[in-house]
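Structure, as structure tokens:
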Amino acid sequence: MCTNISAYELLYEHVGKNNEQPVLGGYRKDLLIKELTELEEKMLICRVCGGVMREECFKQHDDSHSEGVDPGVVGETVAELRIQCPLHTHGCIWVDVIPKVQQHFEHCVYRAKSCVYSEYGCKTLIQRGKIDSHLKESCNEHMLQLLEQVKKCTLKLDSSNIKIEALTVRNLELESSLKQQTRLLAAQIEAVKLSNRIRADGVSWVVTGVAQQIEERAKIWGPYFYVDGYKFQIMLAFGYEDTSYVALFLCLVRGERDQDMIWPFRLDREKFVFTLRKTCGTEVTLLTVSTSESNTDNFKRPESSRNKAPGTAELVSISSLLSDYCSGDCITVTTCVRNRTDPIEDLNREVQILLRSQDIRGVGVVWKIENISKMMEEKKEKWGPSFYVGRYLFHPSVRFFCNSIPNMGLFITLFKGPYDNEIAWPFRMGNDRFIFAILDKQGNEAVTNSIILSEKNIHFFVRPEGPRNSAYGCANLISHDYIFNRDLLIGNCLNIKIMIRNK
């Protein structure tokens, strides 16, 4: 059986590897076609290496064993030695000098070679001269091996395609999520920048083509601006409702971060200030807007694209606008947020807080919830008007649940207030309790629920670290059926009375 062995391995086998085949200078002695004479052997054999002496022997060993020997003569003698093919036992009759053996061996037809289908599973080693016959004899076997390899490749390809598809889908999801997060982050950054700007220098809107706007009695919307993440827009109406005035309205617009905001929007000690720039360059304040109990609905979470807008229908007359404020057919409207510096206004506000605090302890405060049936269908949360207990700020809220029996829950939430640094914490009721009463059509208390502060719920009434604390109340105050069947609604409205009573 012929083995797949290189000429180098056959010819340059080390002495210690094959003691049965003595070597001569690295060449197997049995391959030589002529015995060396004693003189030649004495001259050519290195006594240290045990093989034919080479140039390295003269450089590496002691010269005593090679005295009188010319390295050039050694090389010439070895080059003239004739040698048989290493595969002569398999039938090769080639004979020539040693330097030509490697070239012959590379093309020797008796040299073993792997089948061309070895990478597909064929393990046969065949002489070069018999390759064609082997391919013919083993054609079917090779085809089966190829088919098996095709199946394996197909399975790998299918598996790779599945992984690629999964990775592609995941990559698209991550890319979409990254783009969305990038957009939100960019919007938040821009909102913060605009919010800082509106408190510093304000945001200016240059309105062009004023003469045409007046002629067409147009309503135009200004650029968006942000206050603490809340999104706003102002609207100018020229000749509003067929009058000779320009109207300005402030609109709270549905924003990108509405889910993160506290509703309704409030400015505790600030106000919106709107100015027009006169042709001489001075700014004239024409309108201020503050959030208050009277306009809370205008600053609740927008259910559509924007809320109804507070403002004025008579900002400035058209004639005054053209003569005093219009320059080059343009006007400049600036919106800013300023502190309420009027001490009388602050005092009035505190008085109103104290009066409302007395109301809650006296007759109570009635909260009218409109369009109750739609809220039940949509299972929305509804925030009520704020009220004070002393100087602690509270908001009631209702939530509509759809469990096995649909219910309405009623909760109370302690909000961050303007006097939090001046009052004692945690909030305590003493001998009082919160009373929530659902009123019927006659104004009588049909359903009541009370909240008593105790050690179990005191953490709901500590000083708010964020805009508000967690809500506390009853999730199953009353069923939806009870509301409709017990004559509690007045024109699709539900009235809830909030009071404070002694325990």
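Would you mind stating whether F274 is in the same structural domain as P223 (by TED's automatic domain parsing), under 36 Å from the mean Cα position of the chain (by Cα) and not β-branched (V, I, T)?
Answer is no for this residue.
Just for strands (runs of 3 or more DSSP E) wholly inside the range 84-138: which have at least 2 residues that are among the hydrophobic types (A, V, I, L, M, F, W, C) and not assigned by TED's automatic domain parsing to the domain that holds Q149?
95-97, 125-127
If you go through the range 389-411, how many residues are within 16 Å of I500 (Cβ to Cβ) and surrounded by fewer than 20 Cβ atoms within 10 Å (Cβ to Cβ)?
4
For the range 104-159: of the residues being free of Cβ contacts under 8 Å to residues at least 60 places away in the same chain and acidic (D, E), which is nearest to C92 (Cα to Cα)?
Selected residue: D132.
Take the range 353-369 and flag every residue that is modelled with pLDDT of 80 or more and among the aliphatic types (A, V, I, L, M).
Of everything in the range 353-369, those that are modelled with pLDDT of 80 or more and among the aliphatic types (A, V, I, L, M) turn out to be V365, V366, I369.
The values are calculated or read from the model by the stated rules, or taken from the named source; none is laboratory data. Predicted, not measured: the structure shown is a model, and the values here were computed from it. A quick note on method: Cβ atoms are made from the backbone with ideal geometry, for glycine too, and the neighbour counts reach across all protein chains shown.
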